[in-house]
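Peer 1: My structure is below; once you've seen it, I'll send some questions.
The values are calculated or read from the model by the stated rules, or taken from the named source; none is laboratory data. Since we're looking at a predicted model, the values are computed, not measured. We place every Cβ from the backbone using ideal geometry, glycine too, and count neighbours over all the protein chains shown. Note: areas computed on protein heavy atoms with side chains; ligands, DNA, RNA excluded. Shrake-Rupley method; radii C 1.70, N 1.55, O 1.52, S 1.80 Å.
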Protein chains: 2
Amino acid sequence: MDAEDLILISVDDHVVEPPTMFREHWPAKYADRIPKVVVSEEGGDIWEFEGQRAPNVGLNAVAGCPPDEYNLDPTQFTQMRPGCFDVHERVRDMSAAGVLAGLNFPTFPHFCGQYFGRIDDKDVALAAVRAYNDWHIDEWAGAYPDRLIPLSIPPLWDPGLMAGEIRRVAAKGCHAVTFSENPSKLGLPSYHTDFWDPFFAACVDEAVTVCLHIGSSSAMLSTAPEAPPEVMISLTPINSLMAITDILFSGVFTRFPGLQIAMSEGGIGWIPYALERADYVYEHHHAWTGTDLGDTRPSELFHEHFWTCFIDDAAGIEARERVGLDHIMWEMDYPHSDSTWPHAPEQLWKAIGGLPEGDIQKISHRNAMAAFSFDPFAHRPAEQCTAEALRAEATDVDITIKSMGRRKADADAGALAARLAAVASKGAAPSGD
Amino acid sequence: MDAEDLILISVDDHVVEPPTMFREHWPAKYADRIPKVVVSEEGGDIWEFEGQRAPNVGLNAVAGCPPDEYNLDPTQFTQMRPGCFDVHERVRDMSAAGVLAGLNFPTFPHFCGQYFGRIDDKDVALAAVRAYNDWHIDEWAGAYPDRLIPLSIPPLWDPGLMAGEIRRVAAKGCHAVTFSENPSKLGLPSYHTDFWDPFFAACVDEAVTVCLHIGSSSAMLSTAPEAPPEVMISLTPINSLMAITDILFSGVFTRFPGLQIAMSEGGIGWIPYALERADYVYEHHHAWTGTDLGDTRPSELFHEHFWTCFIDDAAGIEARERVGLDHIMWEMDYPHSDSTWPHAPEQLWKAIGGLPEGDIQKISHRNAMAAFSFDPFAHRPAEQCTAEALRAEATDVDITIKSMGRRKADADAGALAARLAAVASKGAAPSGD
């Protein structure tokens, strides 16, 4: 077996929503209020809906772009690979990189639909969430049931509506929903309340896995105003560490023993440490804090409830038994700046090539199939699913890195970092993910 | 070889300063302004100096105390083991736990002297810092040169004064200084400025290792107001992860290739991941950010400049080559709540007992000797330094856990966590370290 024999399912890629997305899914009664793409003062293509704007930030769509043209400017659709927003081109880009299937997170609504949560008229906001999900499930993922795993966004402001939407889209075969790694940072009740219980109950009932992408709290760690962007970008996975620690001590799994959570773009190398630490602290402190997880240690809860993923993470693979081999998944992060596209199989092979074949199959695709109730082999024979077979179907795709005519970023580390922080705090995709 | 054959140097313990500490070291001209211990309204013993108060928080002195008596109340000296504040009893407690030597961080001045930085009259504040260091070096550590590694605190408000103090105490044989993991969070210039250069220059000149203890930024990570204390306590080592990421990208090592930094109480299991992540981000992003570390990757800088330590960290030991075997040290954390006292050798043995003997010697004491220019064997033959030999000298020390008559904490998770955050933000020791 070698890199070309891998069958790859990426559990964290991103769709840049096309301007036409709502056309077939928007309710007639709100016809004049349909979300639109407009050109901003700075010349970028941005979404506008009910007075709220959301730019596509440059770093969010850099597949195929030379690194010195990465920047934080609002970007035009003409400055991206069409694979960012056109599903047919997306699938061709996936084939060219030897990747069978992907789970695509939203861009303009932010990682868990924060954008729609800011719309004042909640009736039209709910209409937008439903239209978004119908587009994503029926039109985007639905076009290639063997290649795209459907993912819904929630109407974040109302757990009852969230539960209803989970049940509605589950009936269409959607078994993944994106939610916040820390709703408290969004000004919503935390995991330590029962506020979200109707939502979690629906997820358990419908076998829907809750995906928590880094940045879905709209809060990023930073150290100092002058720190270069690399500091903030390096720290993004720590959002996942904070989230699992928070959730493990929340008691939510006592109420929902069936709840399954996938950490998206959090990496895995830090997990053994975080689990040991949580166990140590629980053992040393629960006698005075009164925290009660029953007879279960935090690390045991983790292995029962969490799914993880990585892009490139040798230390985590080395420690895979401690991380939880049956729950480790892989991601490509197309078209973001941390992506390994178009050399994903070769890059992944460096980390997992030496493992037993059973471990490789779990990490490359088997665990993802289990996490998201997704079966590509029902649509496509396994022998046509390897990197080699897929690449053979897409030999005409141009994968060379070439200028997209973007402005070079100003080389002022502090100013760049400040812009990055501003982008993140508005709930847009943070740089590097 | 077994647990009792270990030679143990702990690079992170804590002294609760005795009320008499300034008596022999305070300058006559400020006689009426000497810092004093007074009894607070709530009945705790607290330090008072120039109108600033600093309590000894309960969690900071719990060695020998049953866990259900841990709390956040200001504590009296009579509610602690004398080993917290009496150097002779401290050394007896160390012997009873089989520990040869320790490096003791301050308590009431906070981890890097933040308390003295808040005193308005900087002349009397500098007098206090110098008196503190004279007491610590001459009277506390000086009483047992084979058992205690001297550590100075800096006059944080002035890098020129800091440099002078480094040179003054180095002449007395002190090769360790405590500083802030993130001065930016203290309202001071960050590592990304040249503000601290005189201080770093003096440390390099005098072979002084800079110790950054978790909490020395007076800023702790938290997730949500209702999260139980375990969440914040579990996240304390992430302060170290943030600090190394921040410092690696600061350029400070380009200016000071000889600078040595010890991360105190940060743990080690997360290090392989943090280094891989920093390298990956640097490689993917420096072309647009303009960050320039020369030909050196962040992970290479780490291995040249950082020393690490752990209490109980099986994943980190397993990954010791990635962490950096020549720079891993061990700590007991006496008398804090995460301490393994009095069973330190047995607890450590579980993690390192299976390693090659050379690795064990490095981790248990050899690396600490190198990091702090400390040679206990100049004072005491090695065969009298083992856990077994030391315990034989202290068979009369009572190490049983017994009530210290402390109040039980109120079992309200959110209220406890809020108090913990308040304690941490004032610069006092955060819970759990």
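Peer 1: Just the C-alpha atoms of the stretch A:319-433: what Rg/Rh do they give, with Rh taken as the Kirkwood radius? Write out the running numbers ahead of the final one.
Peer 2: Details: Rg = 18.5 Å, Rh = 17.6 Å.
Radius of gyration over Kirkwood radius for the stretch A:319-433 works out to 1.05.
Peer 1: Now, a different point. Working from the pairwise distances between different alpha carbons, so that the mean of 1/r is found and then inverted, what is the protein assembly as shown's Kirkwood radius in Å?
Peer 2: For the protein assembly as shown, the Kirkwood estimate is 28.3 Å.
Peer 1: Just to be sure I follow: if Rg is taken over the C-alpha atoms of the stretch A:219-332 and Rh is the Kirkwood radius over the same atoms, what is Rg/Rh?
Peer 2: Result for the stretch A:219-332 is an Rg/Rh of 1.00.
Peer 1: Next question, about the same structure. Just for the protein assembly as shown, what percent of DSSP beta bridges are antiparallel, to the closest 5?
Peer 2: Of those bridges, close to 30 percent are antiparallel.
Peer 1: Turning to a different aspect of this structure: Among DSSP bridges having both ends in chain A, what percentage is antiparallel? Round to the nearest 5.
Peer 2: The antiparallel proportion sits near 30 percent.
Peer 1: Would you calculate, for chain B, the mean residue ellipticity at 222 nm contributed by helices, counting each DSSP H stretch of 4 or more residues as -39,500 (n - 2.57) and dividing by all residues, to the nearest 500?
Peer 2: Calculated mean residue ellipticity at 222 nm is -9000 deg cm²/dmol.
Peer 1: Starting from the exponent 0.38 and prefactor 2.2 Å, build the expected Rg for the stretch B:223-276 from its residue count and divide its actual Cα Rg by it.
Peer 2: 1.40
Peer 1: Taking the Cβ of B:G173 as the center, what net charge do the other residues with Cβ under 11 Å away carry, scoring Lys and Arg +1 and Asp and Glu -1?
Peer 2: -2
Peer 1: Put the label 7 Å from Cα along Cα→Cβ for A:A392; what are its distances to the other copies, in nanometres, shortest first?
Peer 2: Its label point is 7.4 nm from the equivalent points in the other copies.
Peer 1: Something else about it: Over the stretch B:180-239, what lengths in whole Å, largest first, do the semi-axes of the equivalent ellipsoid take, defined as the square roots of 5 times the eigenvalues of the alpha-carbon gyration tensor?
Peer 2: Numbers: eigenvalues 179, 35, 7 Å².
The answer is 30, 13, 6 Å, longest axis first.
Peer 1: For the rotation taking A to B, I'd like to know which residue in chain A has the C-beta closest to the axis, plus that distance in Å.
Peer 2: A:W270, 2
Peer 1: Shifting gears a bit: Evaluate Rg over Rh across the stretch B:24-169, taking Cα atoms for both radii and Kirkwood's formula for Rh.
Peer 2: That ratio is 0.97, to two decimals.
Peer 1: Using amide H atoms built in the peptide plane, which far-off residues or other-chain residues are under 5 Å from A:W307 H to H?
Peer 2: Distant-sequence amide H within range of A:W307: A:I261, A:A262, A:M263.
Peer 1: Something else now. Just to verify a number: FRET efficiency for A:D326 and B:D410, C-beta to C-beta distance, R0 = 41 Å, to 0.05?
Peer 2: 0.50
Peer 1: Normalized C-alpha radius of gyration of the stretch B:63-138, against 2.2 N^0.38 Å?
Peer 2: 1.34
Peer 1: So the label point sits 7 Å from Cα along the Cα-to-Cβ vector; using that for B:D68, what distances do you get to the other copies, in nanometres, sorted shortest first?
Peer 2: Distances between equivalent label points, in nm: 6.8.
Peer 1: Could you check which residue among A:L420, A:L275, A:L161 shows the biggest mean-square fluctuation in a GNM of chain A with a 10 Å Cα cutoff?
Peer 2: Maximum among the listed residues: A:L161.
Peer 1: Would you give the gap between the C-alpha center of the stretch B:332-407 and the C-alpha center of the stretch A:244-282, rounded to a whole Å?
Peer 2: If you average the Cα positions of each part, the centres end up 32 Å apart.
Peer 1: Still on this structure: Counting Lys +1, Arg +1, Asp -1, Glu -1, what net charge surrounds A:L100 among other residues with beta carbon under 14 Å of its beta carbon?
Peer 2: Neighbour charge sum, excluding A:L100 itself: -4.
Peer 1: Sort shortest first the distances from B:D123 to its counterpart in every other copy, using label points 7 Å along the Cα-to-beta-carbon line, and give them in nm.
Peer 2: 7.4
Peer 1: Write down the radius of gyration of the stretch A:159-279 and its Dmax, each obtained from C-alpha positions, in Å.
Peer 2: 15.4, 50
Peer 1: A follow-up question, please. How far apart, in nm, are the 7 Å Cα→Cβ label points at B:R53 and A:T78?
Peer 2: Result for the modelled spin labels: 6.8 nm.
Peer 1: Would you mind telling me the antiparallel percentage of the DSSP bridges in the stretch B:1-157, rounded to 5?
Peer 2: 60 percent
Peer 1: Summarise the accessible area of chain A (1.4 Å probe, protein heavy atoms) by the percent that is carbon and sulfur.
Peer 2: Here it works out to 50 percent.
Peer 1: What does the charge add up to near B:M242, with Lys and Arg as +1, Asp and Glu as -1, over the other residues with Cβ less than 11 Å from its Cβ? Intermediate results must be reported in sequence, preceding the final value.
Peer 2: On the way: positive: B:K185; negative: B:E181, B:D246.
Summing Lys and Arg as +1 and Asp and Glu as -1 gives -1.
Peer 1: Here's a follow-up. Please report the projected area of the stretch A:142-214's Cα convex hull averaged over all directions, in nm².
Peer 2: One quarter of the hull surface, i.e. the mean projection, equals 5.1 nm².
Peer 1: Hey, another quick one. Starting from the exponent 0.38 and prefactor 2.2 Å, build the expected Rg for chain A from its residue count and divide its actual Cα Rg by it.
Peer 2: 0.93
Peer 1: Hydropathy at least -1.0 by Kyte-Doolittle, axial extent at least 20 angstrom from the Cα trace: which helices of chain A, defined as entire DSSP H runs, fit?
Peer 2: Going by DSSP H runs, the hits are A:271-289.
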